[in-house]
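All remarks here apply to the structure that follows.
Since every read-out is calculated from the coordinates, none of them should be taken as a lab result. Everything numeric in this text was worked out from a predicted model, so none of it was measured. For neighbour counting, all protein chains shown are included, and Cβ atoms are generated from backbone atoms with ideal geometry for every residue, glycine included.
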Amino acid sequence: MVDEKTKAYRFARHKNKPADYRRAKDLRQNSTDGEEVLWGILRSMAKETGFKFRRQYPIHPYIADFVCLKLRLIIEIDGISHDTRLEKDKRRDAQLNKMGYEVLRFINREVIENQEGVASAILNRSNEILNGNHQPLP
């Protein structure tokens, strides 16, 4: 029997369009400083924990900054442009939640200035999800 999260994942993956992959590739080639820093953190974390993240991964109609498919955890880095898009981000997060993903958001500056704290928050949340003893984020 296939659970609802698996159905949602299959549906979301099936809907990806060629344009989604081209856009993701372009975003990978034009990463922000915060994304570059976090990518280094996540790659180091993968070696130690086995939590492997992908960057700029299409989940139609969105492109997730970082996603761990095993945990169904998305990490988003918000820059200045997100200050005026709070409602849009909330709707996006709600839609991704319906697809079975959990979204963690960090501010670009926070990633650069507090790398240890961001890494710790991601690691803690990843362990909670893996161990199944977590509460959904508010």
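Worth a mention:
- Whole-Hz couplings from phi, Karplus 6.51/-1.76/1.60, listed for the range 90-98; x for Gly and Pro: 5, 5, 4, 4, 4, 5, 5, 4, 4
- Checking the Cα-Cα distances for K15/K88; K15/K52; K17/K47; K25/K90; K47/K88 against a 27 Å cut-off, the pairs over it are K17/K47; K47/K88.
- Applying 1/(1 + (r/R0)^6) with r as the Cβ-Cβ distance of K15 and N114 and R0 = 30 angstrom yields a FRET efficiency of 0.25.
- Percent RCO, i.e. relative contact order, over the range 32-119, from Cα pairs under 8 Å lying at least 6 residues apart: 29 percent
- Amide H contacts under 5 Å for V103: I74, restricted to partners 5 or more places along the chain or on a different chain, H placed in the peptide plane at 1.01 Å from N.
- Distant-in-sequence amide contacts of L69, defined by a placed amide H-H separation under 5 Å and a gap of 5 or more residues or a different chain, comprise R54.
- Residues whose amide H falls under 5 Å from that of N16, counting only those 5 or more places apart or on a different chain, are H60, with hydrogens built in the peptide plane.
- Gyration tensor verdict on the range 28-100 (Cα atoms; rounded if a/c is under 1.5, prolate if a/b is larger than b/c, oblate otherwise): oblate
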